[in-house]
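Trainee: Got a structure for you, questions after.
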Amino acid sequence: MTEEPSEKKARVEEFTGSCQRNKVIPRAVLADEYTRQFETVEAFAANIENKTQTSELIRKLNDAFPLKKLGHLKRVRCVKTEKDSVIQIILHEKEQDLDLRNTLVEQLEQHNIKADSLGQPFVVHVAKHPPLTRNQFTKASVCWPVNFHEDKYISKVIRGELFSDIEVLLIEKFMRMAVKAAQNSDSEEFAVGAVIVNPQTDHPIAISHDLRCTGHPLQHAVMVCIDLVAHGQHAGAWELNCQATDGTWALKEPNKQQIEQNLNSVDCNTCLHEHNTSVSRSSSRDPHKFTNNVEEKKESLPYLCTGYDLYTTREPCVMCAMALLHSRIRRVFYGCADNVQGALGSRYKIHTQTGLNHHFEVFYGILEDDCRHLLPNCEKGFVEKVKTA
Ligand SMILES: [Zn+2]
(Lines give C-alpha, C1' and ligand atoms only; values in the text may rest on other atoms or scores of the structure.)
Protein backbone atom coordinates (compact mmCIF):
# COMPACT_ATOMS: atom_id res chain seq x y z
CA MET A 1 0.00 0.00 0.00
CA THR A 2 1.37 3.39 -0.88
CA GLU A 3 0.42 6.81 0.33
CA GLU A 4 -1.73 8.50 -2.25
CA PRO A 5 -0.09 11.67 -3.54
CA SER A 6 -1.58 14.72 -1.91
CA GLU A 7 -2.38 16.28 -5.27
CA LYS A 8 -4.63 13.32 -5.97
CA LYS A 9 -6.84 14.19 -3.07
CA ALA A 10 -8.58 16.68 -5.27
CA ARG A 11 -8.72 19.41 -2.72
CA VAL A 12 -10.24 22.63 -3.83
CA GLU A 13 -10.45 25.87 -2.01
CA GLU A 14 -13.86 26.85 -0.87
CA PHE A 15 -15.14 29.89 0.94
CA THR A 16 -17.82 29.08 3.45
CA GLY A 17 -19.25 31.73 5.70
CA SER A 18 -16.42 33.72 7.15
CA CYS A 19 -13.75 31.04 7.11
CA GLN A 20 -11.58 29.54 4.42
CA ARG A 21 -11.57 25.78 4.34
CA ASN A 22 -10.38 22.93 2.19
CA LYS A 23 -13.09 20.93 0.57
CA VAL A 24 -12.41 17.24 0.06
CA ILE A 25 -14.24 15.84 -2.90
CA PRO A 26 -15.58 12.34 -2.23
CA ARG A 27 -13.97 10.00 -4.72
CA ALA A 28 -16.03 7.30 -6.31
CA VAL A 29 -15.06 3.64 -6.30
CA LEU A 30 -15.95 2.67 -9.84
CA ALA A 31 -15.99 -0.71 -11.52
CA ASP A 32 -12.66 -1.83 -12.98
CA GLU A 33 -13.98 -1.22 -16.49
CA TYR A 34 -13.74 2.51 -15.83
CA THR A 35 -10.21 2.46 -14.46
CA ARG A 36 -8.42 -0.36 -16.24
CA GLN A 37 -5.24 0.07 -18.23
CA PHE A 38 -5.71 0.75 -21.91
CA GLU A 39 -5.18 -2.40 -23.98
CA THR A 40 -5.02 -3.10 -27.67
CA VAL A 41 -5.59 -6.19 -29.79
CA GLU A 42 -4.73 -6.94 -33.37
CA ALA A 43 -7.14 -6.97 -36.28
CA PHE A 44 -6.81 -7.25 -40.05
CA ALA A 45 -7.47 -4.22 -42.18
CA ALA A 46 -6.97 -3.22 -45.79
CA ASN A 47 -7.12 -0.14 -47.98
CA ILE A 48 -10.23 0.24 -50.11
CA GLU A 49 -8.96 0.60 -53.64
CA ASN A 50 -12.19 1.99 -55.08
CA LYS A 51 -13.84 4.42 -52.67
CA THR A 52 -17.21 4.13 -54.45
CA GLN A 53 -17.43 0.57 -53.15
CA THR A 54 -17.06 1.58 -49.51
CA SER A 55 -20.72 1.22 -48.52
CA GLU A 56 -21.07 -2.11 -50.25
CA LEU A 57 -17.89 -3.43 -48.64
CA ILE A 58 -19.04 -2.34 -45.19
CA ARG A 59 -22.36 -4.13 -45.68
CA LYS A 60 -20.78 -7.30 -47.01
CA LEU A 61 -18.07 -7.44 -44.36
CA ASN A 62 -20.60 -6.78 -41.58
CA ASP A 63 -22.60 -9.77 -42.86
CA ALA A 64 -19.63 -12.05 -43.52
CA PHE A 65 -17.32 -11.10 -40.64
CA PRO A 66 -19.23 -9.23 -37.94
CA LEU A 67 -16.98 -7.67 -35.29
CA LYS A 68 -18.30 -9.67 -32.35
CA LYS A 69 -15.60 -8.79 -29.84
CA LEU A 70 -14.76 -5.45 -31.38
CA GLY A 71 -18.25 -4.09 -31.93
CA HIS A 72 -17.13 -0.77 -30.51
CA LEU A 73 -14.92 -0.13 -33.57
CA LYS A 74 -16.05 1.84 -36.55
CA ARG A 75 -15.60 -0.37 -39.57
CA VAL A 76 -13.69 2.18 -41.65
CA ARG A 77 -11.35 5.07 -41.11
CA CYS A 78 -9.97 7.75 -43.35
CA VAL A 79 -6.21 8.19 -43.33
CA LYS A 80 -4.91 11.41 -44.78
CA THR A 81 -1.85 11.19 -47.00
CA GLU A 82 0.27 14.01 -48.41
CA LYS A 83 -1.71 14.31 -51.61
CA ASP A 84 -4.93 12.48 -50.94
CA SER A 85 -6.66 10.31 -48.38
CA VAL A 86 -7.07 6.56 -48.06
CA ILE A 87 -10.06 4.73 -46.67
CA GLN A 88 -9.16 1.66 -44.64
CA ILE A 89 -11.57 -1.02 -43.50
CA ILE A 90 -11.43 -3.65 -40.76
CA LEU A 91 -11.65 -7.02 -42.48
CA HIS A 92 -11.55 -9.46 -39.63
CA GLU A 93 -10.86 -9.79 -35.94
CA LYS A 94 -7.55 -11.54 -35.56
CA GLU A 95 -8.23 -14.87 -33.93
CA GLN A 96 -5.96 -15.86 -31.11
CA ASP A 97 -3.22 -18.25 -32.28
CA LEU A 98 -4.60 -18.18 -35.79
CA ASP A 99 -3.12 -15.95 -38.46
CA LEU A 100 -5.75 -15.65 -41.15
CA ARG A 101 -3.59 -13.55 -43.45
CA ASN A 102 -2.97 -16.38 -45.90
CA THR A 103 -6.57 -17.53 -46.05
CA LEU A 104 -8.23 -14.13 -45.75
CA VAL A 105 -8.41 -13.47 -49.50
CA GLU A 106 -9.88 -16.92 -49.95
CA GLN A 107 -12.47 -16.28 -47.29
CA LEU A 108 -13.40 -12.93 -48.78
CA GLU A 109 -13.98 -14.55 -52.14
CA GLN A 110 -16.16 -17.20 -50.52
CA HIS A 111 -18.39 -14.43 -49.20
CA ASN A 112 -18.60 -12.78 -52.59
CA ILE A 113 -16.25 -9.99 -51.62
CA LYS A 114 -13.86 -9.28 -54.46
CA ALA A 115 -10.33 -9.11 -53.12
CA ASP A 116 -9.26 -6.86 -55.98
CA SER A 117 -11.38 -4.08 -54.50
CA LEU A 118 -9.12 -4.21 -51.46
CA GLY A 119 -5.43 -3.71 -50.92
CA GLN A 120 -3.11 -6.18 -49.27
CA PRO A 121 -4.39 -7.08 -45.74
CA PHE A 122 -2.31 -5.73 -42.86
CA VAL A 123 -2.47 -5.87 -39.08
CA VAL A 124 -3.68 -2.90 -37.03
CA HIS A 125 -3.72 -2.44 -33.27
CA VAL A 126 -7.13 -1.40 -32.03
CA ALA A 127 -8.74 -0.79 -28.64
CA LYS A 128 -9.62 -4.07 -26.95
CA HIS A 129 -12.50 -2.70 -24.89
CA PRO A 130 -15.28 -0.25 -25.62
CA PRO A 131 -14.49 3.17 -24.16
CA LEU A 132 -16.57 4.06 -21.12
CA THR A 133 -14.91 7.33 -20.24
CA ARG A 134 -13.74 10.27 -22.28
CA ASN A 135 -10.16 9.47 -21.34
CA GLN A 136 -10.52 5.92 -22.67
CA PHE A 137 -12.22 7.27 -25.78
CA THR A 138 -9.31 9.61 -26.50
CA LYS A 139 -6.77 6.79 -26.20
CA ALA A 140 -8.84 4.36 -28.27
CA SER A 141 -9.42 6.87 -31.04
CA VAL A 142 -5.69 7.23 -31.60
CA CYS A 143 -5.58 3.57 -32.69
CA TRP A 144 -8.77 3.29 -34.69
CA PRO A 145 -12.08 5.22 -34.61
CA VAL A 146 -14.51 3.91 -32.00
CA ASN A 147 -18.11 4.49 -31.06
CA PHE A 148 -18.57 6.30 -27.76
CA HIS A 149 -21.77 7.23 -25.98
CA GLU A 150 -20.73 9.33 -23.04
CA ASP A 151 -22.43 8.64 -19.73
CA LYS A 152 -22.86 12.18 -18.42
CA TYR A 153 -23.37 10.98 -14.87
CA ILE A 154 -20.16 8.95 -14.83
CA SER A 155 -18.31 11.88 -16.38
CA LYS A 156 -19.48 14.10 -13.53
CA VAL A 157 -18.38 11.47 -11.02
CA ILE A 158 -14.93 11.21 -12.59
CA ARG A 159 -14.50 14.97 -12.74
CA GLY A 160 -15.47 15.21 -9.06
CA GLU A 161 -18.45 17.38 -9.89
CA LEU A 162 -21.21 15.13 -8.58
CA PHE A 163 -21.68 16.89 -5.27
CA SER A 164 -22.32 20.55 -4.68
CA ASP A 165 -20.40 22.41 -2.00
CA ILE A 166 -23.36 22.18 0.33
CA GLU A 167 -23.73 18.45 -0.29
CA VAL A 168 -20.07 17.93 0.57
CA LEU A 169 -20.62 19.80 3.82
CA LEU A 170 -23.45 17.43 4.65
CA ILE A 171 -21.34 14.40 3.77
CA GLU A 172 -18.60 15.65 6.06
CA LYS A 173 -21.14 16.32 8.79
CA PHE A 174 -22.39 12.75 8.80
CA MET A 175 -18.87 11.35 8.58
CA ARG A 176 -17.91 13.48 11.54
CA MET A 177 -20.83 11.90 13.36
CA ALA A 178 -19.43 8.46 12.49
CA VAL A 179 -15.97 9.47 13.71
CA LYS A 180 -17.38 10.49 17.06
CA ALA A 181 -19.36 7.27 17.28
CA ALA A 182 -16.17 5.31 16.56
CA GLN A 183 -14.60 6.81 19.64
CA ASN A 184 -17.17 4.85 21.66
CA SER A 185 -15.96 1.52 20.29
CA ASP A 186 -14.93 -1.07 22.83
CA SER A 187 -11.50 -1.59 21.35
CA GLU A 188 -8.96 0.74 19.78
CA GLU A 189 -8.19 -1.96 17.27
CA PHE A 190 -11.77 -1.82 16.01
CA ALA A 191 -12.54 1.84 16.51
CA VAL A 192 -15.09 2.09 13.75
CA GLY A 193 -18.27 4.12 13.64
CA ALA A 194 -21.26 4.03 11.32
CA VAL A 195 -24.25 6.22 10.63
CA ILE A 196 -27.23 5.43 8.41
CA VAL A 197 -29.00 8.50 7.10
CA ASN A 198 -32.23 9.16 5.30
CA PRO A 199 -31.06 11.57 2.55
CA GLN A 200 -34.59 12.80 1.99
CA THR A 201 -34.70 14.37 5.42
CA ASP A 202 -30.99 14.45 6.26
CA HIS A 203 -31.93 12.68 9.43
CA PRO A 204 -29.69 9.99 10.96
CA ILE A 205 -31.71 6.80 11.36
CA ALA A 206 -29.06 4.89 13.32
CA ILE A 207 -25.65 5.52 14.85
CA SER A 208 -23.38 2.72 15.95
CA HIS A 209 -19.88 1.70 16.83
CA ASP A 210 -18.03 -1.59 16.78
CA LEU A 211 -18.99 -4.11 19.46
CA ARG A 212 -17.10 -7.18 18.34
CA CYS A 213 -14.84 -7.28 21.39
CA THR A 214 -17.47 -7.00 24.10
CA GLY A 215 -20.55 -8.00 22.22
CA HIS A 216 -20.51 -10.55 19.44
CA PRO A 217 -17.76 -11.27 16.87
CA LEU A 218 -20.14 -10.34 14.07
CA GLN A 219 -21.10 -7.03 15.61
CA HIS A 220 -19.06 -4.84 13.32
CA ALA A 221 -20.13 -1.20 13.38
CA VAL A 222 -21.97 -1.51 10.06
CA MET A 223 -23.79 -4.69 11.12
CA VAL A 224 -24.84 -3.05 14.38
CA CYS A 225 -26.00 0.01 12.48
CA ILE A 226 -28.18 -2.06 10.15
CA ASP A 227 -29.61 -3.90 13.14
CA LEU A 228 -30.43 -0.59 14.77
CA VAL A 229 -32.37 0.39 11.65
CA ALA A 230 -34.22 -2.91 12.05
CA HIS A 231 -34.97 -2.03 15.67
CA GLY A 232 -36.60 1.12 14.37
CA GLN A 233 -38.77 -1.10 12.20
CA HIS A 234 -39.81 -3.36 15.09
CA ALA A 235 -37.31 -6.07 14.19
CA GLY A 236 -33.60 -6.67 14.72
CA ALA A 237 -31.54 -9.80 15.12
CA TRP A 238 -29.63 -8.80 18.22
CA GLU A 239 -30.66 -7.66 21.65
CA LEU A 240 -28.78 -4.42 21.57
CA ASN A 241 -28.75 -2.00 24.44
CA CYS A 242 -30.21 0.77 22.38
CA GLN A 243 -32.83 3.45 22.31
CA ALA A 244 -34.24 6.05 19.98
CA THR A 245 -33.77 9.74 20.53
CA ASP A 246 -35.62 12.07 18.16
CA GLY A 247 -35.96 9.23 15.65
CA THR A 248 -32.28 8.24 15.79
CA TRP A 249 -31.49 4.77 17.07
CA ALA A 250 -28.23 4.55 18.96
CA LEU A 251 -26.53 2.33 21.49
CA LYS A 252 -27.28 3.35 25.07
CA GLU A 253 -24.90 3.04 27.95
CA PRO A 254 -22.13 3.63 28.52
CA ASN A 255 -22.04 6.24 25.84
CA LYS A 256 -25.53 7.67 25.59
CA GLN A 257 -24.44 11.03 26.86
CA GLN A 258 -21.57 11.19 24.44
CA ILE A 259 -23.76 10.24 21.50
CA GLU A 260 -26.13 13.05 22.41
CA GLN A 261 -23.17 15.39 22.52
CA ASN A 262 -22.13 14.15 19.11
CA LEU A 263 -25.52 14.87 17.68
CA ASN A 264 -25.55 18.34 19.14
CA SER A 265 -22.03 19.21 18.09
CA VAL A 266 -22.42 18.17 14.47
CA ASP A 267 -25.73 19.98 14.13
CA CYS A 268 -24.14 23.33 14.75
CA ASN A 269 -23.47 24.01 11.11
CA THR A 270 -26.29 26.45 10.62
CA CYS A 271 -25.37 27.24 7.04
CA LEU A 272 -26.69 23.84 6.05
CA HIS A 273 -30.13 24.67 7.36
CA GLU A 274 -30.04 28.08 5.76
CA HIS A 275 -29.54 26.46 2.39
CA ASN A 276 -32.31 23.97 3.14
CA THR A 277 -30.67 21.29 1.09
CA SER A 278 -29.81 17.62 1.34
CA VAL A 279 -27.13 15.28 0.04
CA SER A 280 -29.67 14.08 -2.46
CA ARG A 281 -33.41 13.82 -2.38
CA SER A 282 -33.86 11.50 -5.30
CA SER A 283 -34.73 8.62 -3.02
CA SER A 284 -38.43 7.86 -2.73
CA ARG A 285 -38.44 6.39 0.73
CA ASP A 286 -40.54 7.92 3.48
CA PRO A 287 -39.83 6.27 6.85
CA HIS A 288 -42.52 8.31 8.54
CA LYS A 289 -45.36 6.60 6.72
CA PHE A 290 -45.32 3.68 9.15
CA THR A 291 -48.52 2.93 10.99
CA ASN A 292 -48.92 1.91 14.61
CA ASN A 293 -49.90 -1.63 13.72
CA VAL A 294 -46.75 -3.73 13.91
CA GLU A 295 -47.90 -6.39 11.42
CA GLU A 296 -49.08 -3.77 9.01
CA LYS A 297 -45.78 -2.00 9.34
CA LYS A 298 -43.83 -5.17 8.55
CA GLU A 299 -45.91 -5.81 5.44
CA SER A 300 -45.66 -2.28 4.14
CA LEU A 301 -41.96 -1.81 4.75
CA PRO A 302 -39.43 -1.85 1.93
CA TYR A 303 -36.07 -3.51 2.50
CA LEU A 304 -34.36 -2.34 5.67
CA CYS A 305 -32.21 0.38 4.18
CA THR A 306 -33.97 1.17 0.91
CA GLY A 307 -33.07 4.72 -0.07
CA TYR A 308 -30.69 5.23 2.85
CA ASP A 309 -27.03 6.22 2.85
CA LEU A 310 -24.32 4.75 5.07
CA TYR A 311 -21.38 6.67 6.45
CA THR A 312 -18.63 4.63 8.04
CA THR A 313 -15.13 5.50 9.12
CA ARG A 314 -13.52 2.39 7.64
CA GLU A 315 -14.15 0.51 4.43
CA PRO A 316 -16.66 -2.30 5.10
CA CYS A 317 -15.59 -5.94 5.01
CA VAL A 318 -17.26 -8.58 2.83
CA MET A 319 -19.80 -9.49 5.50
CA CYS A 320 -20.82 -5.88 6.04
CA ALA A 321 -20.84 -5.13 2.31
CA MET A 322 -23.16 -8.08 1.68
CA ALA A 323 -25.40 -7.02 4.55
CA LEU A 324 -25.60 -3.56 3.00
CA LEU A 325 -26.44 -5.10 -0.32
CA HIS A 326 -29.18 -7.31 1.13
CA SER A 327 -30.66 -4.40 3.03
CA ARG A 328 -30.66 -2.35 -0.20
CA ILE A 329 -28.50 0.55 0.91
CA ARG A 330 -28.42 3.37 -1.61
CA ARG A 331 -24.93 4.80 -1.18
CA VAL A 332 -21.90 4.14 1.01
CA PHE A 333 -19.42 6.80 2.09
CA TYR A 334 -16.33 5.62 3.92
CA GLY A 335 -13.32 7.41 5.31
CA CYS A 336 -10.24 5.21 5.08
CA ALA A 337 -9.59 2.02 3.18
CA ASP A 338 -9.05 -1.39 4.72
CA ASN A 339 -6.48 -3.02 2.50
CA VAL A 340 -6.74 -6.29 4.40
CA GLN A 341 -10.46 -6.92 4.40
CA GLY A 342 -11.99 -4.03 2.48
CA ALA A 343 -14.73 -5.20 0.14
CA LEU A 344 -15.66 -1.90 -1.49
CA GLY A 345 -12.51 -0.93 -3.33
CA SER A 346 -9.41 -2.44 -1.69
CA ARG A 347 -9.66 -6.23 -1.90
CA TYR A 348 -12.97 -6.49 -3.71
CA LYS A 349 -15.56 -4.27 -5.34
CA ILE A 350 -18.68 -6.11 -4.35
CA HIS A 351 -20.92 -3.19 -5.28
CA THR A 352 -19.83 -3.50 -8.91
CA GLN A 353 -20.52 -7.23 -9.33
CA THR A 354 -22.92 -7.41 -12.23
CA GLY A 355 -24.41 -10.73 -11.15
CA LEU A 356 -25.87 -9.30 -7.94
CA ASN A 357 -29.44 -8.07 -7.84
CA HIS A 358 -28.73 -4.78 -6.11
CA HIS A 359 -26.05 -2.19 -6.63
CA PHE A 360 -25.08 0.85 -4.68
CA GLU A 361 -22.64 3.68 -5.15
CA VAL A 362 -19.48 3.94 -3.08
CA PHE A 363 -17.43 7.03 -2.26
CA TYR A 364 -14.32 7.22 -0.13
CA GLY A 365 -11.78 9.64 1.28
CA ILE A 366 -14.15 11.68 3.47
CA LEU A 367 -12.28 12.90 6.57
CA GLU A 368 -9.74 10.27 5.64
CA ASP A 369 -7.07 11.35 8.11
CA ASP A 370 -9.50 11.57 11.03
CA CYS A 371 -10.82 8.11 10.23
CA ARG A 372 -7.37 6.58 9.89
CA HIS A 373 -6.17 8.09 13.13
CA LEU A 374 -8.93 6.19 14.90
CA LEU A 375 -7.06 3.02 13.96
CA PRO A 376 -3.43 3.33 15.06
CA ASN A 377 -2.61 -0.16 13.86
CA CYS A 378 -4.19 0.31 10.50
CA GLU A 379 -1.75 0.52 7.65
CA LYS A 380 -1.64 3.99 6.23
CA GLY A 381 -2.67 5.00 2.79
CA PHE A 382 -4.97 3.74 0.13
CA VAL A 383 -4.25 0.80 -2.06
CA GLU A 384 -3.60 1.46 -5.70
CA LYS A 385 -6.78 -0.29 -6.70
CA VAL A 386 -8.85 2.41 -5.10
CA LYS A 387 -8.63 5.20 -7.55
CA THR A 388 -10.77 7.00 -9.99
CA ALA A 389 -10.30 6.98 -13.73
ZN1 LIG B 1 -17.49 -5.73 8.67
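Trainee: Here are VAL157, VAL123: which of them is in contact with a strand residue (DSSP E or B) (Cβ under 6 Å, 6 or more places away or on another chain), of a type in the set (A, V, I, L, M) and surrounded by fewer than 17 Cβ atoms within 10 Å (Cβ to Cβ)?
Mentor: On inspection, the qualifying residue turns out to be VAL123.
Trainee: For PRO145, only one of the following conditions fails: (1) in contact with a helix residue (DSSP H, G or I) (Cβ under 6 Å, 6 or more places away or on another chain); (2) modelled with pLDDT of 95 or more. What is its number?
Mentor: So the condition that PRO145 fails would be (1).
This table checks each residue for (1) aromatic (Phe, Trp, Tyr); (2) modelled with pLDDT of 95 or more; (3) at negative phi.
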| residue | (1), (2), (3) |
| --- | --- |
| PRO66 | no, no, yes |
| LYS69 | no, no, yes |
| GLU82 | no, no, yes |
| ASP97 | no, no, no |
| LEU104 | no, no, yes |
| HIS111 | no, no, yes |
| SER117 | no, no, yes |
| PHE122 | yes, no, yes |
| THR138 | no, yes, yes |
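Trainee: Something else about it: Quick check: anything in the range 63-76 buried (at least 18 other Cβ atoms within 10 Å of the Cβ) and part of a helix (DSSP H, G or I)?
Mentor: There is no residue in the range 63-76 that is buried (at least 18 other Cβ atoms within 10 Å of the Cβ) and part of a helix (DSSP H, G or I).
Trainee: Looking at this structure, is ASP165 surrounded by fewer than 18 Cβ atoms within 10 Å (Cβ to Cβ), touching a residue at least 40 places away in the same chain (Cβ under 8 Å) and charged (D, E, K, R)?
Mentor: Yes; evaluated as a whole, the condition is true for this residue.
Trainee: Taking the range 308-320 as the search range and keeping residues that are outside any strand (DSSP E or B) and either of a type in the set (Ser, Thr, Tyr) or buried (at least 24 other Cβ atoms within 10 Å of the Cβ) (or both), which one is nearest to the ligand (Cβ to nearest atom)?
Mentor: Going through the range 308-320, the residues outside any strand (DSSP E or B) turn out to be 308, 315-320.
Checking the rest, the ones that are also either of a type in the set (Ser, Thr, Tyr) or buried (at least 24 other Cβ atoms within 10 Å of the Cβ) (or both) come to 308, 315-316, 320.
Values: TYR308: 17, GLU315: 9, PRO316: 5, CYS320: 3 Å.
Here the answer is CYS320.
Trainee: Where the second residue is of a type in the set (Lys, Arg) and at pLDDT below 95 and the first is away from the ligand (no atom under 12 Å from the Cβ) and part of a loop (DSSP other than H, G, I, E, B) and lies in the range 330-349, which pairs have Cβ atoms under 7 Å and are six or more apart or on separate chains?
Mentor: GLY345/LYS385; SER346/LYS385
Trainee: How many residues does the range 186-209 contain that are buried (at least 20 other Cβ atoms within 10 Å of the Cβ) and polar (S, T, N, Q)?
Mentor: Counting residues in the range 186-209 that are buried (at least 20 other Cβ atoms within 10 Å of the Cβ) and polar (S, T, N, Q) gives 2.
Trainee: Output the number of residues of the range 27-86 satisfying the condition of being farther than 15 Å from VAL124 by Cβ and of a type outside the set (Ser, Thr, Tyr). Walk me through it before giving the result.
Mentor: Step one: of the range 27-86, the residues farther than 15 Å from VAL124 by Cβ are 27-38, 49-60, 62-64, 66, 68, 71, 80-85.
When the remaining residues are screened for being of a type outside the set (Ser, Thr, Tyr), the result is 27-33, 36-38, 49-51, 53, 56-60, 62-64, 66, 68, 71, 80, 82-84.
Matching residues across the range 27-86 total 29.
Trainee: Considering the range 204-217 alone, what residues qualify as being in a loop (DSSP other than H, G, I, E, B) and either of a type in the set (S, T, N, Q) or within 14 Å of LYS180 (Cα to Cα) (or both)?
Mentor: If the condition is that a residue be in a loop (DSSP other than H, G, I, E, B) and either of a type in the set (S, T, N, Q) or within 14 Å of LYS180 (Cα to Cα) (or both), then ASP210, THR214 are the ones that fit.
Trainee: Within the range 118-136, track down each residue that is under 17 Å from ASP32 (Cβ atoms) and not β-branched (Val, Ile, Thr).
Mentor: ALA127, LYS128, HIS129, PRO130, PRO131, LEU132, ASN135, GLN136
Trainee: Which one is farthest from the ligand (Cβ to nearest atom), of the residues in the range 218-238 that are farther than 19 Å from GLU315 by Cβ and in a loop (DSSP other than H, G, I, E, B)?
Mentor: HIS234
Trainee: Moving on to the next point. Just to be sure, is ASN47 outside any loop (DSSP other than H, G, I, E, B), in contact with a strand residue (DSSP E or B) (Cβ under 6 Å, 6 or more places away or on another chain) and not hydrophobic (A, V, I, L, M, F, W, C)? Give the steps one after another, and end with the answer.
Mentor: Working: outside any loop (DSSP other than H, G, I, E, B): yes; in contact with a strand residue (DSSP E or B) (Cβ under 6 Å, 6 or more places away or on another chain): yes; not hydrophobic (A, V, I, L, M, F, W, C): yes.
Judged against the criteria, ASN47 is a match.
Trainee: Which residue, of SER164, SER185, is within 16 Å of the ligand (Cβ to nearest atom) and either of a type in the set (S, T, N, Q) or within 19 Å of the chain's Cα centre (by Cα) (or both)?
Mentor: None of the other options fit; the residue is SER185.
The values are calculated or read from the model by the stated rules, or taken from the named source; none is laboratory data. Everything numeric here is computed off the predicted structure, so don't read it as measured data. So basically every Cβ, Gly included, is an ideal-geometry build from the backbone, and we count neighbours across all protein chains shown.
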